[in-house]
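Okay, structure first, notes after.
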Amino acid sequence: MTIWGKSESLCQKAQEYYYELLCHNGAAVPEAITRHVEGCSFCREQIRQLQEALAEAANRPDSSQGPRNNEAIEALSRHFEFLDEPVHCSQVKPFLPELLISSRQIRIPTPITVHVENCPQCSRDLASICEMVLRVDQLNRLSLFYRQVGGHDLSHCPAARPVAAGLAAFSLDGADSQTLNHVSLCPECQTWLYRQRAQTMTDRCVPKARTGVLACSEVSTADVFDFVVPFGLDAATVARTSGRRDAVATHVRACPQCLEKVQSLHRTLYAVVERADSAVCTVCRTEKDAAEACEQTQADAYRYPIHVEVLRQEPARAGSARWKAVPRSRIALAAAVVLVAGLLAINPLSTATGMNVEKLRKAVGQMPNVRITNSREDNSAPFFEMWFATDRQIVATKVGEERIVYECGKRRKTVYTPGSPPRPGSLRQEESDSCTEFMTWAFMEIFTGVSSEKDSLSEVEHVASGRPGEYWSAYELTQKNRDSEGAPFVRRWKVHFDPIRRLPMRVEYSRQFSSEPSTTEVRVTEFTYLTQSAMDGEITALTSAE
């Protein structure tokens, strides 16, 4: 593996020099970077894409540049409006949906992405929105919605009630854009709308296998999003007759399961609105003296050093609060990279320090519902599974046919075995009373023998994620050991990491003895991040299976 310093891979470092290599013959590029790019297919592909983008831009007037490039530049401009200013959650919320739009993915540290990286609550909000898999137009409207929250007039509520009633029944008939915007933004109207749908769920307590032309599995979050947040729908969209929209409305009206999907979406989206600022505040400051020292003859090759400062709110003895600074390292940004940020696959929320097991554990621990499966190799049946519903302090395990559900908050567990009645019992002291301790145990089982904080994983490559045009970052750790008889063997962990959601997706562990190179022990661990309703369904299946 190739490493730059203690934590940056050469792929990461080389990204600062793509423009120099392409346009200025690489005269100012370190020799190690030049050698790396010559042998790295990923970096060469990124330079090729940059070359195509620059050639395309050269053939067009500035005013007609491609929308993707313009969107990336506009997004960066909005981010850097917060340079040298304290950034709190309330300023970041409108940017969260935009971070998930591929044409605007911010691939360098900015005042906004630095806050998301350091704030567990904003990171969790981003992951929740990502799980919804919304369309680009819906992400755009959600960003606008989070910018406008609070702009409502209660005097409009009586006139808006008929539209809200139609919306509660999943109908936009007779609605207009302005009234829909009011219903979306007004807490009174939203509370009324939520209660109306809750009552409908109570009235339709028995689910049907199929309602209308659609089955439950065919109704996505994107299908029902516009009925939850109709903010920003234009008049043509509201008035347009859509067979798909009508089919979704027909199904959801009669299906309590999908009604709960709508209610869960409502709770998640409006929880972001209502959440107070966390105890984390971040500041990105320019180091002007350092910037002047870095100036080159070409204006488009300037580098601008950025200093990141993280402030954490701590209660003062007198009952007030104070902010404590947590120092962070300086980040160098290349202007050429900024101009083509929408084209380069750079980790959008790259950390200033190396990846380790503790960071992975904390990232997963921020997610409210996680399933972890272990298998011997790809595509084989799991030999061990764990479920973590951390918000409710529930952990479940499955080994073979035996399932155990731990209710940590109540300090009890129930064992389920086919052919036998459930066996309830109390949690023993060594079995823990905390989901966090279960998670720590699960991670240390995956990374047995690894120091959770001292042993760093280094980024080695980018791998296809399974979604077109998107990549995971692959991190690796290798250890050389000897068994009890002195025979040497090598252990290797490879972590596939989603840089958008900042979450590990899978870990491939292998152990190979030098004396038997053809025999390799392989174990694959996969992480799935579930919605609350999906987690409830899986726990129910575990406890009801014969």
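The values are calculated or read from the model by the stated rules, or taken from the named source; none is laboratory data. For clarity, every value in this text was computed on a predicted model and none was experimentally measured. Neighbour counts run over all protein chains shown; Cβ positions are idealised from the backbone, glycine included. Ligands, DNA and RNA are stripped out before the accessible areas are found, and what is left, the full protein with its side chains, is counted by its heavy atoms. Shrake-Rupley method; radii C 1.70, N 1.55, O 1.52, S 1.80 Å.
Among the residues of region 209-262, those that are part of a loop (DSSP other than H, G, I, E, B) and farther than 21 Å from C189 by Cβ comprise A209, R210, G212, V213, A215, V219, S220, R240, T241, S242, C255. Considering (1) in contact with a His (Cβ under 6 Å, 6 or more places away or on another chain); (2) at pLDDT 90 or above, the lone condition that Y471 does not fulfil carries the number (2). Selection within region 373-389: residues that are buried (at least 17 other Cβ atoms within 10 Å of the Cβ) and aromatic (F, W, Y). The member of this set that is nearest to Q121 (Cα to Cα) is F388. When the test is whether a residue is without any contact (Cβ under 8 Å) to a residue 40 or more places away in the chain and either open to solvent by 50 Å² or more (accessible area, probe 1.4 Å) or closer than 14 Å to I446 by Cα (or both), R482 passes it. When you check T520 against the structure, is it modelled with pLDDT of 90 or more and surrounded by fewer than 19 Cβ atoms within 10 Å (Cβ to Cβ), yes or no? No: the conditions fail for T520.
When each of F145, F170 is tested for being closer than 24 Å to H251 by Cβ and either aromatic (F, W, Y) or free of Cβ contacts under 8 Å to residues at least 12 places away in the same chain (or both), the lone residue that passes is F170.
Condition first: at pLDDT below 80, assigned to a helix (DSSP H, G or I) and under 29 Å from L100 (Cβ atoms). Can you find one or more residues in region 357-373 that meet it? Checked region 357-373: no residue is at pLDDT below 80, assigned to a helix (DSSP H, G or I) and under 29 Å from L100 (Cβ atoms). Of the residues making up region 390-428, those that are in a strand (DSSP E or B) and open to solvent by 50 Å² or more (accessible area, probe 1.4 Å) are K398, V399, E402, R412, R423, P424, S426. Of everything in region 85-100 that is crowded, with 20+ Cβ neighbours inside 10 Å and without any contact (Cβ under 8 Å) to a residue 60 or more places away in the chain, the residue that is farthest from V272 (Cα to Cα) is E98.
Of A249, A254, all but one fail to be open to solvent by less than 40 Å² (accessible area, probe 1.4 Å), at pLDDT 90 or above and among the small types (G, A, S); the exception is A249.
Where helices (runs of 4 or more DSSP H) fall entirely within region 1-80, none has at least 3 residues that are open to solvent by less than 40 Å² (accessible area, probe 1.4 Å), of a type in the set (D, E) and modelled with pLDDT of 75 or more.
Candidates are the residues of region 110-138 that are over 16 Å from H88 (Cα atoms) and open to solvent by less than 10 Å² (accessible area, probe 1.4 Å); the one that is modelled with the highest pLDDT is Q138. Only residues that are surrounded by fewer than 20 Cβ atoms within 10 Å (Cβ to Cβ) and either touching a Leu at 6+ places or on another chain (Cβ under 7 Å) or outside any helix (DSSP H, G or I) (or both): list them for region 178-200, please. Result: E188, T200.
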